[in-house]
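The values are calculated or read from the model by the stated rules, or taken from the named source; none is laboratory data. Keep in mind that this is a model prediction, so the values were computed, not measured. We place every Cβ from the backbone using ideal geometry, glycine too, and count neighbours over all the protein chains shown.
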Amino acid sequence: MAGTAQAQEQVYLVTGGCGFLGEHVVRMLLQQQEPRLREIRIFDLHLSPWLEELKTGPVQVTAIQGDVTQAHEVAAAVAGAHVVIHTAGLVDVFGRSSPKTIHEVNVQGTKNVIEACVQTGTRFLVYTSSMEVVGPNIKGHPFYSRGNEETPYEAVHSHPYPCSKALAEQLVLEANGRRVRGGLPLVTCALRPTGIYGEGHQIMRDFYRQGLRLGCRLFRAIPASVEHGRVYVGNVAWMHVLVARELEQREKLMGGQVYFCYDESPYKSYEDFNMEFLAPCGLRLVGTRPLVPYWLLVLLATLNALLQWLLRPFLLYAPMLNPYTLAVANTTFTVSTNKAQRHFGYEPLFSWEDSRNRTIRWVQAVEGSPS
Ligand SMILES: NC(=O)C1=CN([C@@H]2O[C@H](COP(=O)(O)OP(=O)(O)OC[C@H]3O[C@@H](n4cnc5c(N)ncnc54)[C@H](O)[C@@H]3O)[C@@H](O)[C@H]2O)C=CC1
Ligand SMILES: CC(C)CCC[C@@H](C)[C@H]1CC[C@H]2[C@@H]3[C@H](O)CC4=CC(=O)CC[C@]4(C)[C@H]3CC[C@]12C
């Protein structure tokens, strides 16, 4: 009886619940109608207005405005939660924030989440890591033959974002098995999405708007032969929900594990993949080969980095092209694995056709909306 009562009292905390991925996780938790779910807490630096419309359903939705770098705020939000899904992070590859801030949010923030779990007795922690934890590395090595979680790869990073994600992932995995308040072990695992796309993807929106400005054209910069891993946001969210649900039953198998997020999205170059959505919206990718030679792109990217540094005291100059984004876009990095299926029965919830159609509908709706 006590077991039944406890089973109906689950509280989930989603950090970063108002972000691109976080919103999909929250909506997925509500859609899946998890019978044991009583409350979802959404912890974010910035709370979104759409949260209000979620507050009318049978599951209590609690919005908590807070900062993961503040240990006391995190501890207060975690207290009494059954599972924490930690998606909050500073996703900055354009140099908008300082390396120190990226470290504080992504590493110290994750430390605070772990310590809060330990102090308050929360046993299950799902961390949103990234493929960037593995690569591409600074040497530009491709991730050959569509690697999996076991594929050896020299993970060497210099950019603050992948460095911070790698450190945070390590902290999460090392915390697996730590005794939480009450004496039971903490069970953690990390999910590594490749480049996420779907409704709410701001970089896709930026490309679309740029294409409209350029007369419905985009110009190929990267060879079509460079494959870049992509995964639909709904499937990434579904994987988080499934892990959160299964972690208790399969703690021995899943605790301390990493899982790449994958689905049926095709292997293509970054730009060709984007065209799957942008072409039906009227854009065209000009050139079967890059229009600008690679050395010139490297030069422009380096110039951008230099300008960013020089202008920093006066203004924020953060263009999309810099040495890091160029290296990531220009290095083959794709995954092929079934570890999530083997460990916790994951199958993508959305087919490629579904994912594509949903994303196209979203891009079409972007037209005319404020930037
Ligand atoms: N977008 C992508 O392609 C990929 C993202 N990821 C990871 O997924 C997670 C979510 O990323 P996105 O949804 O794309 O980013 P996002 O920027 O849309 O969402 C991040 C959320 O975290 C919140 N946040 C940032 N700093 C915070 C702080 N100090 N305290 C509390 N909340 C804070 C933001 O307000 C935002 O709502 C991140 O951890 C990111 O590293 C991993 C792989 C790929
Ligand atoms: C004009 C350039 C040559 C093309 C620029 C494209 C880039 C802005 C994007 C190409 C690859 C993207 C990254 C990739 O999908 C992996 C990621 C994982 C994360 O965890 C965060 C986001 C990102 C680093 C993503 C960012 C934009 C690109 C670099």
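A quick yes/no check of all residues on (1) among the aliphatic types (A, V, I, L, M); (2) surrounded by 22 or more Cβ atoms within 10 Å (Cβ to Cβ); (3) modelled with pLDDT of 90 or more:
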site	(1), (2), (3)
PHE124	no, yes, yes
MET131	yes, yes, yes
GLY140	no, no, no
ARG146	no, no, no
HIS157	no, no, no
GLY177	no, no, yes
CYS189	no, yes, yes
Among (1) closer than 30 Å to GLU149 by Cβ; (2) not in a loop (DSSP other than H, G, I, E, B) - the single one GLU34 does not satisfy
(2)
Matching residues in region 1-46 - criterion: being modelled with pLDDT under 95 and of a type in the set (Val, Ile, Thr)
THR4
Here are some conditions: (1) free of Cβ contacts under 8 Å to residues at least 40 places away in the same chain; (2) touching a Leu at 6+ places or on another chain (Cβ under 8 Å); (3) surrounded by fewer than 17 Cβ atoms within 10 Å (Cβ to Cβ). ALA301 meets all but one. Which one does it not meet?
(3)
Considering only region 70-84, how many residues are buried (at least 19 other Cβ atoms within 10 Å of the Cβ) and touching a Gly at 6+ places or on another chain (Cβ under 8 Å)?
2
Residues within region 167-203 that are within 16 Å of ligand 2 (Cβ to nearest atom) and under 14 Å from the mean Cα position of the chain (by Cα), tallied
15
Out of region 95-141, which residues are touching a residue at least 40 places away in the same chain (Cβ under 8 Å), charged (D, E, K, R) and away from ligand 1 (no atom under 12 Å from the Cβ)?
LYS111, GLU115, ARG123
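Residue-by-condition table, conditions (1) more than 14 Å from ligand 2 (Cβ to nearest atom); (2) closer than 30 Å to MET254 by Cβ; (3) in a helix (DSSP H, G or I); (4) of a type in the set (Lys, Arg):
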| position | (1), (2), (3), (4) |
| --- | --- |
| VAL298 | no, no, yes, no |
| GLN308 | yes, no, yes, no |
| LEU316 | yes, no, no, no |
| ALA327 | no, no, yes, no |
| ALA340 | yes, yes, yes, no |
| PRO348 | yes, yes, no, no |
| TRP362 | yes, no, yes, no |
| ALA365 | yes, no, yes, no |
The one condition GLY229 fails out of (1) modelled with pLDDT under 95; (2) within 12 Å of ligand 2 (Cβ to nearest atom); (3) over 30 Å from GLN31 (Cα atoms) is (3)
Can you tell me which residue is surrounded by the most Cβ atoms within 10 Å (Cβ to Cβ) among those in region 38-61 that are within 11 Å of LEU13 (Cα to Cα) and over 20 Å from the mean Cα position of the chain (by Cα)?
VAL61
Quick check: anything in region 210-220 touching a strand residue (DSSP E or B) at 6+ places or on another chain (Cβ under 9 Å), in a helix (DSSP H, G or I) and either free of Cβ contacts under 8 Å to residues at least 40 places away in the same chain or on the phi > 0 side of the Ramachandran plot (or both)?
yes
